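**Student:** Structure provided below as structure tokens; questions to follow.
The values are calculated or read from the model by the stated rules, or taken from the named source; none is laboratory data. Note that the structure is a prediction, hence the values are computed from the model and not measured. With ideal geometry, Cβ positions are generated from the backbone for all residues, glycine too; neighbour counts draw on all protein chains shown.
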Protein chains: 4
Amino acid sequence: MNNSVLIAHTKDRVGVTSELTSLIADGGCNIEHLDHFLDHESYQFFIRIVFDPSNEVHDAIHRYFNAHPDMHYELHLPNQRQKMAIFVSKMDHAMMELILRVRAGEIPVEISMVISNHDTHRDLVEQFGIRFHHVPFNKEIKARAEQQMIDLLDGQADFIVLARYMQILSPEFIERYKFKIINIHHSFLPAFIGAKPYAQAYDRGVKLIGATAHYVTSELDGGPIIQQDVLRVNHRYTKDELVVVGRHVENRVLADAVMWHANHKVLVHGNKTIVLGV
Amino acid sequence: MNNSVLIAHTKDRVGVTSELTSLIADGGCNIEHLDHFLDHESYQFFIRIVFDPSNEVHDAIHRYFNAHPDMHYELHLPNQRQKMAIFVSKMDHAMMELILRVRAGEIPVEISMVISNHDTHRDLVEQFGIRFHHVPFNKEIKARAEQQMIDLLDGQADFIVLARYMQILSPEFIERYKFKIINIHHSFLPAFIGAKPYAQAYDRGVKLIGATAHYVTSELDGGPIIQQDVLRVNHRYTKDELVVVGRHVENRVLADAVMWHANHKVLVHGNKTIVLGV
Amino acid sequence: MNNSVLIAHTKDRVGVTSELTSLIADGGCNIEHLDHFLDHESYQFFIRIVFDPSNEVHDAIHRYFNAHPDMHYELHLPNQRQKMAIFVSKMDHAMMELILRVRAGEIPVEISMVISNHDTHRDLVEQFGIRFHHVPFNKEIKARAEQQMIDLLDGQADFIVLARYMQILSPEFIERYKFKIINIHHSFLPAFIGAKPYAQAYDRGVKLIGATAHYVTSELDGGPIIQQDVLRVNHRYTKDELVVVGRHVENRVLADAVMWHANHKVLVHGNKTIVLGV
Amino acid sequence: MNNSVLIAHTKDRVGVTSELTSLIADGGCNIEHLDHFLDHESYQFFIRIVFDPSNEVHDAIHRYFNAHPDMHYELHLPNQRQKMAIFVSKMDHAMMELILRVRAGEIPVEISMVISNHDTHRDLVEQFGIRFHHVPFNKEIKARAEQQMIDLLDGQADFIVLARYMQILSPEFIERYKFKIINIHHSFLPAFIGAKPYAQAYDRGVKLIGATAHYVTSELDGGPIIQQDVLRVNHRYTKDELVVVGRHVENRVLADAVMWHANHKVLVHGNKTIVLGV
């Protein structure tokens, strides 16, 4: 949090790492951590550098990338918490996990609001000092509801977390927040796409229950995977008990994904993610 | 191994556990372990009892089940190692894991033979004192090859392990060894059914690599799952490296499944398994 | 929760399982689950039976054990939630994990009170409708503080959870609640006994961070272990980051232990636990 | 394996990463992967760079470090397999795991010899085409035995793996192969130092069985930890069954450590390891 973070990706060529690290060294700044990835299939290069902040270096970085318009970059200054909006429906476990981790200082974001299609969790949310908005949502009123949410989010959310939000957002909404919406899917994708994954898992007799955090794209449960994990179950687990185990693994997986996103560690590459610096 | 094992399943009714444990107690025998499962959807009851052996009790058990022909049971006497045949193609890792674990006394079976559609592993197998049979196999000669294998297996194999055997067996062959063929599939089923699961996993960008041991049925990769596990990977793993990680998880999962089967711990229930006593 | 639970342990002899299951069958009741353990070193026998409730069977069980005074037993009737008191100091993560899991219906207890040596968490606790008592505690006032806590607990707590309670309770207090106090120790015991285990772990350069839930005895961090788990770390984790990872594993381990205790699954045997029915 | 690997560590100063990556870029070479670590307590800096090989760059690197004699470095050229000697006693599982992984191409070393204080495994080792030396070893003949081993190892071993070698090597022998001897200890260190860790674990009633791979120093089981892992057990595991579970976790942990060492990924820092590029 006290450091600057540079993220970049580009078509690979000799010397990029040298050029970028020289910008930092020339400004007298130390590198805290550097991680990078070279994809041999696409010849794309990805880099994340955490370094001691300096206006001189920040300026040099902006000048460098202005001179290399084919390269993508983001420069994140120290002590800037992203604003995070949480969307939730009736199940509150994933939302609570995020609220508690943010409150404990583990995830460097500000929860700017919780939006729900039910009014159920208003008290719970507000007692943690977080704004709560009830925005009814269903197929018939989707366009109006999404407009209402956009108005709430405007300038108030750098990214959105669907913490078991059980509504399907429109492609237009998703496009507006491209790779800025993180969803937790309650299965080990691509197994059990769609509705009722725990019932599907029960019927198939799997021995592990999984969860997947991914960026939302217009393809249902098809976006780039950020994190996955599993917990062990056995034949004695009822459907309801699979749901409980699933909640625990959902919480862990979503918290990892949000923490990485908040720390600018996740880069999207095609339909995959590159997670640097973990 | 020094104990007898009774496995039974039946439509649930009051008193079954009491009746079975009384048979053992009346013969003066101690129960080493008892595990059971009652499925509330089907009202089927499953039990596994490990007990001190006694001819008197064994006879009483046979008489009891003869008087209850609707109940299914198996009685396994002490110190009887099942004969296991291993089918293998070019990849030898899963076969070697089984050979070493049997040799170390971890899995109480006798490896009666290795059958392969290639002659590659003859020396490796024979140096461990295990018979090796090369049975060429492809679609054109499948019927003849399977007959040849049946002749080899006849009386010499209580069950078969497909340790990365890359051929599709006929429904007739599978039916002959119903729930006596264990396969290791190189993915977390039901994700990535069919061929090249590691390539599918690579393309989807998953963060965990899984493997699934299951009984073979005529539905491809669709039989009852015995065991599953995963190992963590990240964006830096190439397809070839996913294959290596996959080998390790395949080995563990298959070894668990074979060990449980060898110890009469796996009961099939519909398209699921009940694993008792673990 | 809708079933009765019988727990018993005794010196092993032939027929105990048969006798107990017959009591239940004779009352026309079905067994939901039975798990047992025979320790071959001590010849002690442990059993846990979950069964459909019936006054007739309950009476028969009490009569049976009255006639066998050398056998230990507990009979737990359905729908009886134990009262749980949580002791906490400044760190609230483990307490919050328990509060949320109880609230979600995952752990069948009533949280009758939270006792803390600080007043910090009063609002947090009370907003979940739970009574909060501030009982200052240090070496000088230990006797008085413990008496105050005993007065609060009297009739109001079936067991106590030390959810990162950083005070050492007296042997007398511990004896009064023998095997009724669960502590979460922030290391993989017996590694890093005593104070500052994360600093010890950092200095030793371990690659896994663990936590241990155990019953409290008068030997520091030496009581019977109920559950343990670990999470992976690496050289980049600072001491503070080890503490964060540790919180997550503490939460999981303590929640397991409390859930098992609440469901009468944990039996103490010497300085170990037998966990039946998981 | 087709790339060069540069490892360096030094007191931290601004510009090191820039300088080193510039050497590579100036030679027209691409960086395959770079990982580094800055220790904030000691202000030591560690870096590992994998890059396309070039004589020009190699020369430049040597010149650079000659001009910076206070910096430590190693330059490893492509396609150079280290020679690995395995020391083993009666238990062969860890040795076999290494032999099979090397044979499968997973660990880029040449197993130049196996040395054992027993002649038991001669046939097993030789059938894999590996030289086997029986060197009797006990306290009385330690000096002579170690001299015999040094003669065998001279020029024939870049590092040594103690794959459950149950003898204590002398401080002089250890110093000669400083941080070139990897041991697998059969517990989660620092728990259960010394002999019979599985018996200690059994007596303490732990719920996880661990293993630790570490560099050997003259302090028993006290050297820098390279890798650790655990597997879950429960009250039903006998001491012998803990040993079996332990074998599996030993195998995994030792294989990781050897693979990382073979790929020049492990740097020693005080009594800890920095593992880069994993």
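**Student:** Given the residues D:E146, D:E126, D:E140, which is the only one that is acidic (D, E) and touching a helix residue (DSSP H, G or I) at 6+ places or on another chain (Cβ under 9 Å)?
**Tutor:** Just one listed residue meets the conditions, D:E146.
**Student:** Another one. Looking only at segment A:219-235, which residues are surrounded by 15 or more Cβ atoms within 10 Å (Cβ to Cβ) and modelled with pLDDT under 95?
**Tutor:** A:D221, A:G222
**Student:** Of the conditions (1) more than 30 Å from A:H33 (Cβ to Cβ); (2) in contact with a Leu (Cβ under 8 Å, 6 or more places away or on another chain), C:V245 clears all except one; give me its number.
**Tutor:** Among (1) more than 30 Å from A:H33 (Cβ to Cβ); (2) in contact with a Leu (Cβ under 8 Å, 6 or more places away or on another chain), C:V245 violates only (1).
**Student:** In segment D:152-179, which residue that is under 17 Å from the mean Cα position of the chain (by Cα) and surrounded by fewer than 18 Cβ atoms within 10 Å (Cβ to Cβ) is nearest to D:V268 (Cα to Cα)?
**Tutor:** D:F179
**Student:** Let me ask something additional. Limited to segment C:18-46, what total is found for residues that are farther than 17 Å from B:V16 by Cβ and of a type outside the set (D, E)?
**Tutor:** 8
**Student:** How many residues does segment B:61-78 contain that are part of a loop (DSSP other than H, G, I, E, B) and either in the same structural domain as B:K265 (by TED's automatic domain parsing) or in contact (Cβ under 8 Å) with a residue 24 or more places away in the chain (or both)?
**Tutor:** Counting residues in segment B:61-78 that are part of a loop (DSSP other than H, G, I, E, B) and either in the same structural domain as B:K265 (by TED's automatic domain parsing) or in contact (Cβ under 8 Å) with a residue 24 or more places away in the chain (or both) gives 5.
**Student:** Of these, B:D52, B:D70, which one is in contact with a Ser or Thr (Cβ under 9 Å, 6 or more places away or on another chain), acidic (D, E) and either crowded, with 22+ Cβ neighbours inside 10 Å or more than 14 Å from every other protein chain (Cβ to nearest Cβ) (or both)?
**Tutor:** Of B:D52, B:D70, the one residue that is in contact with a Ser or Thr (Cβ under 9 Å, 6 or more places away or on another chain), acidic (D, E) and either crowded, with 22+ Cβ neighbours inside 10 Å or more than 14 Å from every other protein chain (Cβ to nearest Cβ) (or both) is B:D70.
**Student:** Condition check: within 24 Å of the chain's Cα centre (by Cα) and acidic (D, E). Does C:D52 satisfy that?
**Tutor:** So C:D52 fails the test.
**Student:** While we're looking at this one, here's another question. Could you list all residues from segment B:177-223 that are facing another protein chain (nearest Cβ under 7 Å) and farther than 21 Å from B:V88 by Cα?
**Tutor:** The answer is B:P190, B:A191, B:R204, B:G205, B:V206, B:K207, B:L208.
**Student:** Quick one: would you say C:A25 is farther than 25 Å from B:H40 by Cβ, without any contact (Cβ under 8 Å) to a residue 24 or more places away in the chain and either more than 14 Å from chain B (Cβ to nearest Cβ) or not charged (D, E, K, R) (or both)?
**Tutor:** Answer is no for this residue.
**Student:** Right, here's the next one. Hey, can you tell me all the residues within segment A:1-60 that are closer than 27 Å to A:V102 by Cβ, in a loop (DSSP other than H, G, I, E, B) and among the polar types (S, T, N, Q)?
**Tutor:** Within segment A:1-60, A:N2, A:N3 meet the criteria.
**Student:** Which of the residues spanning segment C:79-116 are surrounded by 20 or more Cβ atoms within 10 Å (Cβ to Cβ) and in a loop (DSSP other than H, G, I, E, B)?
**Tutor:** C:D92, C:I107
**Student:** Does A:E97 meet the test of being touching a residue at least 40 places away in the same chain (Cβ under 8 Å) and touching a Leu at 6+ places or on another chain (Cβ under 8 Å)?
**Tutor:** The answer is yes for A:E97.
**Student:** When B:G277 is evaluated against the numbered criteria (1) modelled with pLDDT of 95 or more; (2) at positive phi, which criterion, by number, is the only one it fails?
**Tutor:** The failed condition is (1).
**Student:** Find the helices (runs of 4 or more DSSP H) located wholly in segment B:162-278 whose residues include 1 or more that are touching a residue at least 60 places away in the same chain (Cβ under 8 Å), and list them.
**Tutor:** Answer list for segment B:162-278: B:239-262.
**Student:** In segment C:85-116, what count of residues is obtained for those that are of a type in the set (D, E, K, R), under 16 Å from C:I184 (Cβ atoms) and more than 10 Å from chain A (Cβ to nearest Cβ)?
**Tutor:** Summing the residues that are of a type in the set (D, E, K, R), under 16 Å from C:I184 (Cβ atoms) and more than 10 Å from chain A (Cβ to nearest Cβ) in segment C:85-116 gives 1.
**Student:** Separate question: Just to be sure, is C:G15 within 7 Å of another protein chain (Cβ to nearest Cβ), over 20 Å from B:D26 (Cα atoms) and of a type in the set (G, A, S)?
**Tutor:** The answer is no for C:G15.
**Student:** Does segment D:117-151 hold any residues that are surrounded by fewer than 14 Cβ atoms within 10 Å (Cβ to Cβ), within 13 Å of chain B (Cβ to nearest Cβ) and part of a helix (DSSP H, G or I), and which are they?
**Tutor:** Hits for segment D:117-151 are D:D123, D:E126.
**Student:** For the condition hydrophobic (A, V, I, L, M, F, W, C), touching a Lys or Arg at 6+ places or on another chain (Cβ under 9 Å), in the same structural domain as B:Y165 (by TED's automatic domain parsing) and touching a residue at least 40 places away in the same chain (Cβ under 8 Å), what is the one hit in B:I107, B:I111, B:I150?
**Tutor:** From the options B:I107, B:I111, B:I150, the qualifying one is B:I107.
**Student:** A further question follows. Would you point out which residue out of B:N30, B:N2 is out of contact with any strand residue (DSSP E or B) (no Cβ under 6 Å at 6 or more places or on another chain), more than 11 Å from every other protein chain (Cβ to nearest Cβ) and closer than 29 Å to B:I107 by Cβ?
**Tutor:** B:N2
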